[in-house]
Amino acid sequence: MAGRWIEHWDPEDETFWRETGERTARRNLWFSVLCEHIGFSIWTLWSVMVLFMGPEYGVDPAGKFFLISTATLVGAVVRVPYTFAVARFGGRNWTVFSALTLLVPTVAALLVMEPGTSYTTFLAVSALTGIGGGNFASSMTNINAFFPLRRKGWALGLNAGGGNIGVPVVQLAGLLVIGTAGASHPRIVLAAYLPLILLAAGCAALFMDNLAPVRNDTGAAKEAVRDRHTWIMAVLYVGTFGSFIGYSFAFGLVLQTQFGRTPLQAASLTFIGPLLGSLIRPAGGWLADRYGGARITLVNFAAMAAATGVVVYASRSASLSVFLVGFTALFVLSGLGNGSTYKMIPGIFHTQAVARGLRGEEAAARGRRISGAAMGLIGAVGALGGLAINLAFRQSFQTSGTGTAAFWSFLAFYAVCSVLTWAVYLRRAAAVPAKPQLSYAEV
């Protein structure tokens, strides 16, 4: 695909942004959201398919947790190459291609989703859906290049939030099918997504653009790998996005396994948390733009620890109503934290560029260059947090029959993230060494 290429792009120039840039950036943002939305739905497809898998499928709860863990793992791994594909092939071109590839796991699931299919086959098809997770990384890297630093929190939050809504939408689709046709018709959900995938790819081809100034830069990737802030932010992103995607995959299974909900009862509750977490993500980016990403992130992790304490209490006392309150709060807070942490990434690398003596567009260009490369690595590690959550649930249910032990480990991790955010980005010693007046607290 030759595609449409924009040769000059300078979003930090206010005149350029007002006259040309903003309109173009917003158009690319909306269609990026559409494609990423479908990608998330396909990635989390098996969080819905396992609700259709009754006793006739012969798969126990541990096996179901492993199915969704496989999709999570593949989605995390493919985020790295997807990040660099934008610069190699162009944002528009790669969006069209990555959208069309979603047909492969959807058609495969359509063919095998019936009793009697071997567990190995289910595992292989679940792994295929992981490519939907890669769409997030390429989409965020692409949109990061379109917007000026002062608007990145809002733009990245909206892009990711609109994509994240693909999780509750596919879960609502599952609820609709279970509630009307019954739990023996999972293929209806799968068939409904085939035309949506084609629509998303067609819109990307017609309305999106490639940015010529964004070129594949292996030097940027190497710098991002060597920078400690890439890995610090990756840990924080495990706590926010890793929580969101891990809980999204596992919520329905936890309700069925620990609280004895039927497929219809579980499906009627599963979508609420991911929906609220997705809707709040742009607000997290907006708050980070206004008050500083590090401050919002610190408060958010403290609140996540408190919400996890509520869930631990509910899990030990077998109180479904309290459990739902605490777990829904975790979804909302994870979405808020997703927005604030992703705002921090470009801000950190822009601050470093200024500390090195760069100014204006030169500093902004370096910040975009390194942050674009770092986002793929951070997104991949963050998604691995979802894998860890699903494996923790699997182990907890295998050993004790409840998720309480898993929740205790999550609470401890949120405490670690709180301390890390404060120590690196908020205390006075975190000022940039070369320019003490520049503090990471403002990112």
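Some observations on this one:
- The number of residues in region 211-263 that are assigned to a loop (DSSP other than H, G, I, E, B) and within 20 Å of Val424 (Cα to Cα) comes to 1.
- In region 186-225, the residues that are farther than 17 Å from Ala373 by Cα and among the hydroxyl-bearing types (Ser, Thr, Tyr): Tyr193
- Among the numbered conditions (1) modelled with pLDDT of 90 or more; (2) part of a helix (DSSP H, G or I); (3) farther than 19 Å from Gly246 by Cβ; (4) hydrophobic (A, V, I, L, M, F, W, C), the only one that Ala145 does not meet is (1).
- Inter-residue pairs, beta-carbon under 8 Å, first more than 16 Å from Gly403 (Cα to Cα) and in region 247-270, second small (Gly, Ala, Ser) and open to solvent by 10 Å² or more (accessible area, probe 1.4 Å), 6+ apart: Pro263/Gly54; Pro263/Ala183; Leu264/Gly179; Leu264/Ala183; Ala267/Gly179; Ser268/Gly179
- From the list Arg23, Arg18, Arg79, Arg27, the one residue that fits, being crowded, with 17+ Cβ neighbours inside 10 Å and of a type in the set (Lys, Arg), is Arg79.
- Residue match in region 36-52 (condition: among the aromatic types (Phe, Trp, Tyr), open to solvent by 40 Å² or more (accessible area, probe 1.4 Å) and in contact (Cβ under 8 Å) with a residue 60 or more places away in the chain): no
Quick grid of which residues meet (1) more than 21 Å from Phe66 (Cβ to Cβ); (2) in contact with a strand residue (DSSP E or B) (Cβ under 8 Å, 6 or more places away or on another chain); (3) crowded, with 24+ Cβ neighbours inside 10 Å:
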site	(1), (2), (3)
Leu333	yes, no, yes
Gly337	yes, no, yes
Pro346	yes, no, yes
Arg359	yes, no, no
Met375	yes, no, yes
Ser400	no, no, no
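- Residues considered: Val238, Val170, Val214. Of these, the only one that is open to solvent by less than 20 Å² (accessible area, probe 1.4 Å) and among the β-branched types (Val, Ile, Thr) is Val170.
- Hits in region 73-87 - residues which are hydroxyl-bearing (Ser, Thr, Tyr) and modelled with pLDDT of 90 or more: Tyr82
- Qualifying residue in region 183-194 (condition: surrounded by 21 or more Cβ atoms within 10 Å (Cβ to Cβ), touching a Phe, Trp or Tyr at 6+ places or on another chain (Cβ under 8 Å) and more than 20 Å from Gly133 (Cβ to Cβ)): yes
- Test: residue in region 106-128 that is open to solvent by less than 10 Å² (accessible area, probe 1.4 Å), at negative phi and touching an Asp or Glu at 6+ places or on another chain (Cβ under 6 Å): no
- Restricting the first member to region 313-337 and to residues that are under 13 Å from Thr402 (Cβ atoms), and the second to residues that are surrounded by fewer than 23 Cβ atoms within 10 Å (Cβ to Cβ) and polar (S, T, N, Q), the beta-carbon pairs closer than 6 Å and six or more apart or on different chains are Ser315/Thr402; Ser315/Thr404; Arg316/Thr404.
- In this structure, Thr270 does not satisfy being open to solvent by 30 Å² or more (accessible area, probe 1.4 Å), more than 22 Å from Tyr425 (Cβ to Cβ) and modelled with pLDDT under 90.
- If you go through region 320-331 and keep only what is open to solvent by less than 30 Å² (accessible area, probe 1.4 Å) and either outside any helix (DSSP H, G or I) or among the β-branched types (Val, Ile, Thr) (or both), you end up with nothing.
- Looking only at residues of region 195-206 that are open to solvent by 20 Å² or more (accessible area, probe 1.4 Å) and under 24 Å from the mean Cα position of the chain (by Cα), we find that the one that is nearest to Ala266 (Cα to Cα) is Leu196.
The values are calculated or read from the model by the stated rules, or taken from the named source; none is laboratory data. Since we're looking at a predicted model, the values are computed, not measured. Neighbour counts are summed over all protein chains in view; Cβ atoms, including those assigned to glycine, are modelled from backbone coordinates with ideal geometry. In case anyone asks, the SASA skips ligands and DNA or RNA and just uses the protein heavy atoms, side chains included. Shrake-Rupley method; radii C 1.70, N 1.55, O 1.52, S 1.80 Å.
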